[in-house]
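The values are calculated or read from the model by the stated rules, or taken from the named source; none is laboratory data. On a predicted model such as this, the values are computed, not experimentally measured, just so you know. Here the Cβ is made from the backbone with ideal geometry for all residues, glycine too, and neighbour counts use every protein chain on show. Note: accessible area is taken over every heavy atom of the protein model, side chains too, but ligands, DNA and RNA are not part of it. Shrake-Rupley method; radii C 1.70, N 1.55, O 1.52, S 1.80 Å.
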Amino acid sequence: MIKIITFTIVTSLTLALLGCASSKQPTFGLELSSDYYEFIQPDFARYVEASTQWLRENRSFIGEDKDIELLINSPFQLVPTEQTNKAALLVHGLGDSPFSFSDIAKSLVNNGYLVQVLLLPGHGSKPEDLLLPSYADWQHIVDHYTSLLTAQYDEVWLGGYSTGANLVTINAINNEEITGLLLFSPGFQTRTPYLEKLTPLIASVINWGYRTEETNFARYNSVPFNGVLAYSNSASIVREKLTNYKLSVPVYVAVSEADSIIDPDS
């Protein structure tokens, strides 16, 4: 019974993606660390190449077909058959991979958009790598590749799932060049906001919220509390910004009324 209660508490804390009460942004710079790779590149093609090489050398492969796992977890770009002035950047959620946007990316490119799908730092390789990034590293990569697109295309849409939705919304608030947003289960607020203040304390003494065998090619089963903390920083920052600013661009939101983690009313 004690084990069940402990498991339930820890799992609930992790799945609730507890938020951080402070909106202070840590200094980014993981791309310059010897522990990781340079994910900030001068163009998206070189970023894809650097990311794929990192995954090839550092991923803890689950199955025998390494090429399939690399394809699922690597960032990618889809180019429409005809020349276009429209582009979209898509950003996955905590523990996920670019594969979560494979269908939506195809739909967008079929409608004439150049589509780029990011891999957030710490993802795609092994759950232990989520001990490395901060919220600011995630925001930095989103802001960087968004700026490259807005410099080249007249119309730029940003799309995000859960944590990714927070990151692209923050960019859009700060960036007048964004045309619109596509938000899927945006992680603005969890169903357990009263637990937010516990996250920094827990993350300071416990590395892992939940750890188990990795069996899913496309996402992590295990979640370090550092990843939860990075998510919750994004949530507190986006809430603060939305309190003080109004978006003047069209926003499409898809959310489940019965979402067990994200508060749909928020």
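Regarding segment 223-238, can at least one residue be identified that is open to solvent by 20 Å² or more (accessible area, probe 1.4 Å), modelled with pLDDT of 95 or more and within 28 Å of Leu108 (Cα to Cα)?
no
Consider Thr212 carefully, then state whether it is farther than 22 Å from His144 by Cα, without any contact (Cβ under 8 Å) to a residue 40 or more places away in the chain, open to solvent by 10 Å² or more (accessible area, probe 1.4 Å) and not in a loop (DSSP other than H, G, I, E, B). I'd like the intermediate steps shown before the answer.
Working: farther than 22 Å from His144 by Cα: yes; without any contact (Cβ under 8 Å) to a residue 40 or more places away in the chain: yes; open to solvent by 10 Å² or more (accessible area, probe 1.4 Å): yes; not in a loop (DSSP other than H, G, I, E, B): no.
No; evaluated as a whole, the condition is false for this residue.
For Pro186, only one of the following conditions fails: (1) modelled with pLDDT under 95; (2) part of a loop (DSSP other than H, G, I, E, B). What is its number?
(1)
Report the residue count in segment 3-62 for those that are farther than 28 Å from Ile261 by Cα and at pLDDT below 85.
Going through segment 3-62 one residue at a time, the tally reaches 1.
Within the set of pairs 6 or more residues apart or between chains, which connect a residue that is closer than 13 Å to Leu70 by Cβ inside segment 42-56 to a residue that is part of a helix (DSSP H, G or I) with Cβ atoms less than 7 Å apart?
Thr52/Leu70; Leu55/Leu70; Leu55/Asn73; Arg56/Leu70
Of everything in segment 55-71 that's open to solvent by 30 Å² or more (accessible area, probe 1.4 Å) and assigned to a helix (DSSP H, G or I), which residue is nearest to Asp96 (Cα to Cα)?
Only one residue tops the list, namely Leu71.
If I filter segment 76-104 down to residues being among the aromatic types (Phe, Trp, Tyr) and over 15 Å from Ser185 (Cα atoms), which single residue comes out as farthest from the chain's Cα centre (by Cα)?
The residue in question is Phe76.
Rundown of residues vs (1) closer than 30 Å to Gly209 by Cα; (2) in contact (Cβ under 8 Å) with a residue 60 or more places away in the chain, yes/no style:
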{"position": "Gly95", "(1), (2)": "yes, yes"}
{"position": "Ser107", "(1), (2)": "no, no"}
{"position": "Asn111", "(1), (2)": "no, no"}
{"position": "Gln116", "(1), (2)": "no, yes"}
{"position": "Leu119", "(1), (2)": "yes, yes"}
{"position": "His140", "(1), (2)": "yes, yes"}
{"position": "Thr150", "(1), (2)": "no, no"}
{"position": "Thr163", "(1), (2)": "yes, yes"}
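Go through (1) at positive phi; (2) more than 17 Å from the chain's Cα centre (by Cα); (3) of a type outside the set (Asp, Glu) and name the single condition Ser162 misses.
Exception for Ser162: condition (2).
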